Amino acid sequence: MMVFPIWRLAVLAAVVPHVQADANMTPDYEVKLLMDPSVVLGTNNKLTATVLSAFSMPTTVTKMNVQFLDTDALDINTEGWSVRIRKKEDEDDFELTYKKRYSVSDDDVEAALDTANEEGFDEDNEDKYDAQIEYGYSKKTLSISRKKSHSDSGYSGMDLPDLDDSIDMLVDEAPGKFVDWVDDNWGTDLLEESRIYGPVLAKRSIGIYDGEELYIEVWPILNETGTGVEYLVEASFKVDTESNAATKQASLETYLTNQGWFLAGDALKTSLMLERY
Ligand SMILES: *[C@@H]1O[C@H](CO)[C@@H](O)[C@H](O)[C@H]1NC(C)=O
């Protein structure tokens, strides 16, 4: 009988390649709650003075004009990606965002981060991509986004690029992971066949709640029949930890409820725009 010394086993174990996966990305948390437009907006569809004063908000707003590109069949969205061009009033350039979404089931944020990791979004990507948990009323989503900027020369004010220019700049700036997500040039090939969804001109007010910088955004979005506009009013703030997100969301929900301003539900603005335009 062959005797295999124990020290040899130890040596063998030490030389077997050890596959160590990179760690997951570390997300921040964006708490989002809806407010009831029939109560918080005045006749001019602006936030009422009472709402502004509750959050120490000035009457001035920041305008943001937003459009998405996707094919008629929403092939980009089907793979969990969205591609957006945004023009903010206080910025010179167009902001291009390529975002991959993962749904969070049973509040298991770590499982969503694991899935993203398996698909190539690990901690090594953190210098380029931002991981964020969109912490909604009943729904949570992990988004991993890459932002680029592109000159807006030739365009004025809040204008967004037309379709041809939109495609050109989005193709030029497209990050590799988006380009080759399904197969070579998947993303850029789809962009070439895409159309514009939107635009929507949103207005953001900035104030304070519970020590956090609070945004309230008013989004006029086409209604379900496409014959009128409905207003989506979303309060949001960012925190670093899940426990802060949970505690402060509960606190804001209670506050909004007590004021009669709360609207129970989740509305993904991206989904609404892709459905209705
Ligand atoms: C959309 O808005 C138009 C104009 O205000 C209105 O007539 C229509 O009933 C609305 N549709 C829905 C589904 O709310």
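At a glance:
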quantity: Set G187, G157, G136, G176: member being modelled with pLDDT under 95 and not hydroxyl-bearing (S, T, Y); calculated: G157
quantity: Qualifying residue in segment 158-174 (condition: more than 22 Å from K88 (Cβ to Cβ) and touching a helix residue (DSSP H, G or I) at 6+ places or on another chain (Cβ under 6 Å)); calculated: yes
quantity: Residue under evaluation G226, criteria (1) modelled with pLDDT under 95; (2) under 18 Å from the mean Cα position of the chain (by Cα), criterion not met; calculated: (2)
quantity: Residue among A174, A267 that alone is under 21 Å from T78 (Cα atoms), touching a residue at least 60 places away in the same chain (Cβ under 8 Å) and within 16 Å of the ligand (Cβ to nearest atom); calculated: A267
quantity: Filter pass, E224 being surrounded by 17 or more Cβ atoms within 10 Å (Cβ to Cβ) and within 28 Å of K32 (Cα to Cα); calculated: no
quantity: Options E217, E275, E213; residue that is within 16 Å of the ligand (Cβ to nearest atom) and either under 17 Å from the mean Cα position of the chain (by Cα) or surrounded by fewer than 16 Cβ atoms within 10 Å (Cβ to Cβ) (or both); calculated: E275
quantity: Top-ranked residue of segment 245-264 - restricted to ones that are of a type in the set (A, V, I, L, M, F, W, C) and more than 16 Å from A54 (Cα to Cα), ranked as nearest to the ligand (Cβ to nearest atom); calculated: L263
quantity: Check on I196, crowded, with 16+ Cβ neighbours inside 10 Å, within 16 Å of the ligand (Cβ to nearest atom) and either without any contact (Cβ under 8 Å) to a residue 60 or more places away in the chain or at negative phi (or both); calculated: no
quantity: One residue from D164, D107, D168 being within 21 Å of A246 (Cβ to Cβ) and over 15 Å from the mean Cα position of the chain (by Cα); calculated: D107
quantity: Options E91, E110: the member that is surrounded by fewer than 19 Cβ atoms within 10 Å (Cβ to Cβ), among the charged types (D, E, K, R), modelled with pLDDT of 95 or more and not in a strand (DSSP E or B); calculated: E110
quantity: Number of the exception - L69 against (1) modelled with pLDDT of 95 or more; (2) under 21 Å from L222 (Cα atoms); (3) part of a loop (DSSP other than H, G, I, E, B); calculated: (3)
quantity: Tally of residues being within 21 Å of E230 (Cα to Cα) and touching a Gly at 6+ places or on another chain (Cβ under 8 Å) across segment 66-88; calculated: 3
quantity: Selection count where residues are touching a Phe, Trp or Tyr at 6+ places or on another chain (Cβ under 9 Å), more than 8 Å from the ligand (Cβ to nearest atom) and either assigned to a helix (DSSP H, G or I) or not basic (K, R) (or both), scope segment 223-244; calculated: 12
quantity: Residues being under 12 Å from the mean Cα position of the chain (by Cα) and among the small types (G, A, S) - total across segment 110-145; calculated: 4
quantity: Number of positions in segment 44-58 that are over 24 Å from P199 (Cβ atoms) and either in a loop (DSSP other than H, G, I, E, B) or touching a helix residue (DSSP H, G or I) at 6+ places or on another chain (Cβ under 9 Å) (or both); calculated: 8
quantity: Enumeration of residues in segment 135-186 that are hydroxyl-bearing (S, T, Y) and not in a helix (DSSP H, G or I); calculated: Y135, Y137, S138, T141, S143, S145, S149, S151, S153, Y155, S156
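So that you can scan it fast, the table gives a plain yes or no per residue for (1) loosely packed, with under 10 Cβ neighbours inside 10 Å; (2) over 19 Å from the mean Cα position of the chain (by Cα); (3) modelled with pLDDT of 95 or more:
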residue: W7; (1), (2), (3): yes, yes, no
residue: N24; (1), (2), (3): no, no, yes
residue: A49; (1), (2), (3): no, yes, yes
residue: T62; (1), (2), (3): no, no, yes
residue: T97; (1), (2), (3): no, no, yes
residue: Y102; (1), (2), (3): no, no, yes
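The values are calculated or read from the model by the stated rules, or taken from the named source; none is laboratory data. All figures in this text were calculated on a predicted structure; none of them were measured in a lab. Glycine also receives a Cβ, built like all others from the backbone with ideal geometry; neighbour counts cover every protein chain displayed.
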